1. Near the amide H of Ile31, under 5 Å away, which other amide H atoms are found, from residues 5 or more places off or on another chain, if H is placed in the peptide plane?
2. Per-residue HN-Hα couplings for region 3-17, Karplus 6.51 cos²θ - 1.76 cosθ + 1.60 at θ = phi - 60°, whole Hz, x for Gly and Pro?
3. Along the positive direction of the dipole of region 127-294 (beta-carbon charges: Lys, Arg +1; Asp, Glu -1; about the Cα centre), which of Ser287, Leu237, Ser165 reaches farthest?
4. Among Lys88, Lys97, Lys143, which comes first, second and so on when ranked by fewest other beta-carbon atoms within 10 Å?
5. Over the chain, what is the relative contact order in percent, taking alpha-carbon pairs closer than 8 angstrom and at least six residues apart?
6. Longer than 23 Å from Cα to Cα, which of Lys212/Lys254; Lys107/Lys169; Lys97/Lys169; Lys143/Lys309; Lys107/Lys198; Lys5/Lys326 are they? Say none if no pair is.
7. Hey, what angle do you get for helix 321-340 against the long axis of the chain, alpha-carbon based, 0 to 90 degrees rounded to 10?
8. Can you bin every Cα-Cα distance in region 127-294 into 5 Å intervals starting at zero and give me the percent of pairs per bin, rounded to whole numbers?
Amino acid sequence: MANTKVAIIGGGQVAETKHLPSYSEIEGVEIVAVLNSNKENARQFALKNNIPGYYGDIHELLKKEQPDLVSVCTPNKYHYEHVTAALKAGCHVLCEKPPSILAEEAKEMMELAERKGVVLSYNFQHRFSLEARRIREEYRQGKLGDVYHINLSALRRSGVPGWGSFIDKDLQGGGPLIDIGIHMLDTAFYILGFPKVKKVTGKMFNKIGPYKSEGSFGQWNPEKYEVEDSFFGFIELTNGGLIQISTSFALNIKETKQLNAEFHGDKAGATLYPLEIYSDHKGELVSLVQEDMVEDHAERRAIHSFVRKCRGSAEEDIASGEEGFKIQTIIESLYKSAELGESIYI
Ligand SMILES: NC(=O)c1ccc[n+]([C@@H]2O[C@H](COP(=O)([O-])OP(=O)(O)OC[C@H]3O[C@@H](n4cnc5c(N)ncnc54)[C@H](O)[C@@H]3O)[C@@H](O)[C@H]2O)c1
């Protein structure tokens, strides 16, 4: 069988720590090239990681290398441009989260992939965790009953990223909501089978990011801090349910960080990390499922699944272009609600 040729678009932190190790575990996958807007950076990344090709122009890369699969790992602003170029060249694409900056872009990408008959997927790795899979299974079997309230948190006490472009509004499109909150949002929607959204209401703050310069994720320039540092939102579902999301790079909480999803159903409740499903009997907590899952590298399984899907496996459950569009629509609407100070109907 011919090797599956993969190109990496944007050789930075996530490409090196997540994409390369995951692809390297798969038989018959060959990383053929890397792209960086700065060609010298691409050359150095290629040298360090034993990649034969390096480019500064995506069209040249796609034409010369003709990859089967492309991993888009550039800052959020460039996802649309790079995904679109790769899809037009007939490649299957795995794009880092978030899908894009605008919902309209995610819609175009989804439609283009459908027209080209190729796979478009987003790297929402938390839905691949064993915990998420187990809660989804139990929910589908009715163990939680009617889940009418979901509480999502992606909070850090002092975790403004000191690297990359995470505080640059133009490149990122926003702060913690689009960067870390989006992971829990996708995981919850995945577990619940993507229920329809009725309206969203959001409020954002910027009380710490522009006034401090150092935290547990390194140093940043407060003068260049342009994104929200905290976002709190309500997502009302057409089935009557309510999702609450709290997300922050810097919030005065007790823990260093919180990343979790809690599901409250009329039969039982569930917590994602660590996995637990519980209910009440005469005032006593009854634990129905309690498992300390070992670290299972969900991000690697996400990439393995993507490759199997591209190779023709019909059963692979990936984060699809359509799901990416739905998540992007919620994110965009939450930001719009916070900016306008009013609820947005979807
Ligand atoms: N799934 C996850 O949990 C996860 C974790 C981290 C980052 N990410 C996502 O991955 C993406 C990249 O994040 P990162 O932490 O690797 O950032 P990074 O800054 O380390 O890497 C981005 C790379 O893209 C290059 N680049 C910038 N503009 C470019 C352009 N126009 N053309 C080609 N190359 C360009 C940069 O030089 C850099 O090498 C972001 O979208 C981020 O949200 C996802």
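Every read-out reported here was derived from the displayed coordinates using simple, explicitly stated rules and does not represent laboratory data. Quick caveat: nothing in here was measured; it's all calculated off a predicted structure. As a convention, Cβ positions derive from the backbone with ideal geometry for all residues, glycine included, and neighbour counts pool all protein chains shown.
1. Placed amide hydrogens put Val6 under 5 Å from Ile31.
2. 5, 8, 8, 10, 10, 9, 9, x, x, x, 4, 6, 5, 6, 8
3. Leu237
4. Fewest-to-most Cβ neighbours within 10 Å comes out as Lys88, Lys143, Lys97.
5. 20
6. Flagged as over cut-off: Lys143/Lys309; Lys5/Lys326.
7. Orientation of helix 321-340: about 60 degrees from the principal axis.
8. That works out to 2, 9, 17, 19, 16, 14, 11, 7, 4, 1, 0, in percent per bin.
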